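Have a look at the structure below, then the notes.
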Amino acid sequence: MKIVIIGGTGFIGTKLVNILRGLGHEVIAASPSLGVNTITGEGVIEALSGAQVVVDVSNSPSYEDKAVLEFFETSTRNLLASGAATGVKHHIVLSIIGTDRLPENGYFRAKLAQEKQIAASGIPYTILRASQFFEFIDGIANSFTEGNLVRVPSASVQFLAGDDVASALVDCALGAPDNGIEELAGPERLRFDELIRLYLSAKADIRQVITDDNVRYFGALLDDRSLIPDDHLKLRIAQTRFEDWLHNLSLRGK
Ligand SMILES: NC(=O)c1ccc[n+]([C@@H]2O[C@H](COP(=O)([O-])OP(=O)(O)OC[C@H]3O[C@@H](n4cnc5c(N)ncnc54)[C@H](OP(=O)(O)O)[C@@H]3O)[C@@H](O)[C@H]2O)c1
């Protein structure tokens with residue numbers, strides 16, 4: 001089967017390309033550095049030609065509110081038009097749990113706009129909303145840091161490993177379209193502040209974590225349900241536990 005991975009050079013895209021190629025599929029890794037650009041349209045029709053499945057794991061180069069909205073709206077519009085023209089049978093996108101619950105977060109607003117375009121496109125689709133990746137804890141901790149203090153809300157979170165996201169996307173790519181939203185979350189529910197404390201302590205980082213529910217997560221105040229799965233949607237649970245991921249990280253000396 002011919003499968004196109006938009007964002008095939010990115011963090012999740014690279015993993016996905018490798019797994020699907022290992023399974024013997026014809027996989028096109030598509031990204032601007034490989035001559036496929038969903039904003040300008042360069043190379044998109046050629047990449048999609050003859051493909052049954054498109055998986056969009058691209059990301060905006062800028063996270064500024066207006067830029068990120070423009071990126072996901074334009075790139076998704078172009079991609080869906082090319083998919084309709086070339087006869088794509090299944091359009092899959094990686095989105096984020098909570099996109100519909102945090103309108104104050106500009107990135108989440110942009111991902112929700114992307115989801116809505118796909119659902120309205122007429123192309124059979126699957127939207128996989130994942131929770132936050134363990135691999136981004138470092139960056140998130142930095143965004144909460146002032147001096148030696150890390151102020152973190154106590155909201156519940158269910159972080160997961162990037163490898164588990166790629167595995168779930170493989171299942172989606174080889175399965176039938178849902179024409180709906182599925183969610184994928186980590187196996188454990190922790191408090192955000194607790195997660196950051198455990199991470200910093202495992203890395204012998206001397207920063208002190210202070211619990212503070214008035215701190216915004218990329219512009220949005222969190223409540224206890226903001227970032228956890230929606231009870232009404234189909235839920236997949238990722239395998240890798242935080243402790244095991246941390247252990248592997250220390251084995252790799254990071
Ligand atoms: N961070 C989280 O915790 C989280 C949680 C759930 C879902 N997600 C979603 O996961 C997705 C993938 O994230 P990631 O971290 O794997 O992304 P990433 O590593 O930042 O990779 C982004 C990819 O998008 C490509 N790209 C950028 N502009 C493009 C364009 N105009 N046309 C085609 N491709 C373009 C890049 O290509 P080049 O290499 O050529 O620049 C790169 O391959 C995102 O949509 C994000 O919303 C993230």
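The values are calculated or read from the model by the stated rules, or taken from the named source; none is laboratory data. From a predicted model like this one, the values you see are computed outputs, not experimental measurements. Cβ coordinates were reconstructed from backbone atoms using ideal geometry, including for glycine residues, and neighbour counts include every protein chain displayed. SASA here: full protein model, heavy atoms, side chains in, ligands and nucleic acids out. Shrake-Rupley method; radii C 1.70, N 1.55, O 1.52, S 1.80 Å.
Brief remarks on what is shown
- Residue satisfying all of: in the stretch 52-65; open to solvent by 80 Å² or more (accessible area, probe 1.4 Å) and either within 15 Å of the chain's Cα centre (by Cα) or without any contact (Cβ under 8 Å) to a residue 40 or more places away in the chain (or both); farthest from the ligand (Cβ to nearest atom) among these: Tyr63
- Some residue of the stretch 68-86 being part of a loop (DSSP other than H, G, I, E, B), under 30 Å from Asp223 (Cα atoms), open to solvent by 10 Å² or more (accessible area, probe 1.4 Å) and within 11 Å of the ligand (Cβ to nearest atom): no
- Scanning the stretch 162-188 for residues that are among the polar types (S, T, N, Q) and either away from the ligand (no atom under 16 Å from the Cβ) or surrounded by 21 or more Cβ atoms within 10 Å (Cβ to Cβ) (or both) turns up just one, Asn179.
- Residues in the stretch 89-118 that are among the hydrophobic types (A, V, I, L, M, F, W, C) and without any contact (Cβ under 8 Å) to a residue 40 or more places away in the chain were compared, and the one that is nearest to the ligand (Cβ to nearest atom) is Ile96.
- Residue in the stretch 143-161 that is surrounded by fewer than 21 Cβ atoms within 10 Å (Cβ to Cβ) and closer than 29 Å to Gly83 by Cβ present: no
- Residue match in the stretch 243-251 (condition: assigned to a loop (DSSP other than H, G, I, E, B), touching a residue at least 12 places away in the same chain (Cβ under 8 Å) and not aliphatic (A, V, I, L, M)): no
- Summed over the stretch 189-218, the residues that are within 24 Å of the chain's Cα centre (by Cα), of a type in the set (D, E, K, R) and open to solvent by 50 Å² or more (accessible area, probe 1.4 Å) give a count of 5.
- Top-ranked residue of the stretch 15-37 - restricted to ones that are under 18 Å from the mean Cα position of the chain (by Cα) and closer than 18 Å to Thr76 by Cα, ranked as farthest from the ligand (Cβ to nearest atom): Ala29
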